[in-house]
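A short write-up of the structure that comes next.
The values are calculated or read from the model by the stated rules, or taken from the named source; none is laboratory data. Keep in mind the model is a prediction, meaning the values are calculated, not measured. Here the Cβ is made from the backbone with ideal geometry for all residues, glycine too, and neighbour counts use every protein chain on show.
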């Protein structure tokens, strides 16, 4: 058997294994996303009776590097959420932070957020101010042909009329799977759990706060990454009320 024949056989086997591996990774990714959404839906519908609302969430973020080594950076975010069946502004989130890239995988953030609400749980006009100090660790890695992100965020929420500062912990797991050769087009999904560490009078109740999940396609172009898809959120509102949000989520994320 000649060298060229051996090379062709090796190349054919490599291509076959790659395609098989790629297919397995795709199936794993889709299965994980579907399992997450089904589990969250069953948890909500089987265990709780809640209000429902259809909303529009729109997110824009920008990350600006401050040095040639891309160690230090600034982060900014604006996110209006239109609720009451997409008829009125319910909440506005404006976040900013300074960040540091420890290495290619791990980034640390320290930031401030202004996150007022404009209607209450009864959908009455009711402006309520909220300020947040937040800290975050973001870790990225590849596994099974999928790009994973783990985000751990700690928030100190200072809410108007609440008796004190409420502390909340959030953990998000995101997976992204490229459908094109360069990875610029693909599918992404995440699930995020919120837990309030301490309840406050006229404020959040301690314990489980909300579960948020998203699934949809993404597109990378130049400095931007764009996503659109379905977002579902089950949330405990202040007191014993609960609510299920079904939202169209559109996001544009830029890095400079």
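General observations
- Some residue of region 144-156 being surrounded by fewer than 17 Cβ atoms within 10 Å (Cβ to Cβ) and at positive phi: yes
- Residue 67 meets each of the listed conditions (1) surrounded by fewer than 16 Cβ atoms within 10 Å (Cβ to Cβ); (2) in a strand (DSSP E or B) apart from (2).
- For region 29-64, the set of residues classified as outside any strand (DSSP E or B), within 21 Å of residue 242 (Cβ to Cβ) and at pLDDT 60 or above consists of 50 only.
- Of residues in region 88-104 being in a strand (DSSP E or B) and free of Cβ contacts under 8 Å to residues at least 24 places away in the same chain, the one surrounded by the most Cβ atoms within 10 Å (Cβ to Cβ): 93
- Residue among 248, 219 that is surrounded by fewer than 18 Cβ atoms within 10 Å (Cβ to Cβ) and without any contact (Cβ under 8 Å) to a residue 40 or more places away in the chain: 219
- Region 182-193 - residue that is over 18 Å from residue 144 (Cβ atoms) and not in a strand (DSSP E or B) and, of those, farthest from the chain's Cα centre (by Cα): 182
- Region 194-206, residues that are without any contact (Cβ under 8 Å) to a residue 40 or more places away in the chain and assigned to a loop (DSSP other than H, G, I, E, B): 197, 198, 199, 201, 205, 206
- Only one entry in 53, 85 is within 19 Å of residue 250 (Cβ to Cβ) and surrounded by fewer than 17 Cβ atoms within 10 Å (Cβ to Cβ), namely 85.
- Among residues of region 105-130 being modelled with pLDDT of 95 or more and part of a loop (DSSP other than H, G, I, E, B), the one that is surrounded by the most Cβ atoms within 10 Å (Cβ to Cβ) is 115.
- Scope region 167-181; condition free of Cβ contacts under 8 Å to residues at least 40 places away in the same chain and either over 16 Å from residue 153 (Cβ atoms) or part of a loop (DSSP other than H, G, I, E, B) (or both); matching residues: 178, 179, 180, 181
- Of note, residue 133 does not satisfy the criterion of being outside any strand (DSSP E or B) and modelled with pLDDT of 95 or more.
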